[in-house]
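Here the structure is laid out as C-alpha cells; the discussion comes afterwards.
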Amino acid sequence: MTALIVVASALLGLAVGSFLNVVIWRVPRRESVVSPPSHCPGCDAEIAPYDNIPVLSWFILHGRCRRCGVHISVRYPLVEAGTGLLWALLAWRFAESWALPAYLVLAAGLVALSLIDLDTFLLPNRIVYPLTVAVVALFGVAALAGDDGAAFWRALIGGLCAFAVFLLLHLISPRGMGFGDVKLSFVLGVSLGWVSGALVFLGIFLAFLVGSVVSVLLIATKRRTRKDHVPFGPFLATGTLVALLVGEQILSAIGR
C-alpha cells in the first residue's frame, strides 16, 4: 500500500508541477491561473494537451515550441520533476498518516513561493494566505479522522511560536527579515509542529544554516555582495522540507 501511495503521489505531483509553472509565471503578473489556457510566450499559441505532458513533452519537443520554435526554459520540466519527487518523498514519509494531504499541499505551495521569491523577492499574499488556510484545514481534518486533537493543538502552538520568532526578527531588522517571511512562518510552524515541537526549531535552524552557507558561497564567488538582498523564502522551504523528511533522524542523532 505504501508503494502504491508513493507512485500515485509522484504521478499526481508531476501534473501539479505543470500547474505550478502557470502559477509561478502568472501570479506575480496578477493574471488568472485558470484562464486563458497554457500558451506559448513567443507566438501566444495555445499549447495542445499532447504537448503539455509533464517533463516528457519538453524532451520530445527538444525544449522548443512546436509552432514558432521559441526556446522553453528547462525550469519547466525541473519544476514538474521536482514537485513529483517531493510528493513521492512526502508520501513515503507520511503514507500512514492522515496528514499526508496537508503536506502535499504544503510542498506544492512552497515550490511556487520559492521560485516566485527568487524571481521577484516577494511572497505573494495570493498564495501565502490560501496555502495557510488550506493546510490548517487539512490538519484539522486529519486530527478528526485520526482522533488526534493533541497533534492539531501542538501544530497550532508550533505555528504561533514560529510566527513570534520571525515577527521579532522582523521588528529588530526589517531589512533583514521581510514581512512576507513572517506571514509564511506560521504555516511552516504548523506543519512542523504536527510532528513535534522540537521539529519547529530544527526547521528554523536549518533554514538559517542553509541560508548562511549559500550567502557565503554567493559572496565568495562574487555573485552577490554583502549589501545585496538574498530572498529567504527558498531557505525557509528547504529547512522545513528537510526537517519533515529526516528531522527525526537528525534529532535522534543529536540526542545520542
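Quick look at the numbers
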quantity	calculated
³J(HN,Hα), Karplus 6.51/-1.76/1.60, whole Hz, each residue of region 112-123, x for Gly, Pro	5, 5, 4, 6, 5, 5, 5, 7, 10, 6, 9, 10
Length added when fully stretched, residue 221-residue 153, from 0.36 nm per residue minus Cα-Cα	20.0 nm
Amide H contacts under 5 Å for residue 64, placed H, 5+ residues apart	72
Solvent exposure of the chain as accessible area per residue, Å², 1.4 Å probe	54 Å²
Part-to-part distance (alpha-carbon centres) for region 73-97 and region 148-204, which is given in Å	23 Å
Heavy atoms of residue 183 accessible to a 1.4 Å probe, total area in Å² rounded to 10	40 Å²
Carbon + sulfur, % of accessible area of the chain - ligands and nucleic acids excluded, 1.4 Å	68 percent
By accessible area with a 1.4 Å probe, ligands and nucleic acids excluded, highest first: order of 50, 129	50, 129
Accessible area, probe 1.4 Å, largest first, for residues 181, 147	147, 181
Kirkwood Rh and Cα Rg combined as Rg/Rh, region 10-62	0.96
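The values are calculated or read from the model by the stated rules, or taken from the named source; none is laboratory data. Note that the coordinates shown come from a computational prediction; the quantities given were computed from them, not determined experimentally. Side chains are part of the model used for accessible areas, which takes the heavy atoms of the whole protein and leaves out ligands, DNA and RNA. Shrake-Rupley method; radii C 1.70, N 1.55, O 1.52, S 1.80 Å.
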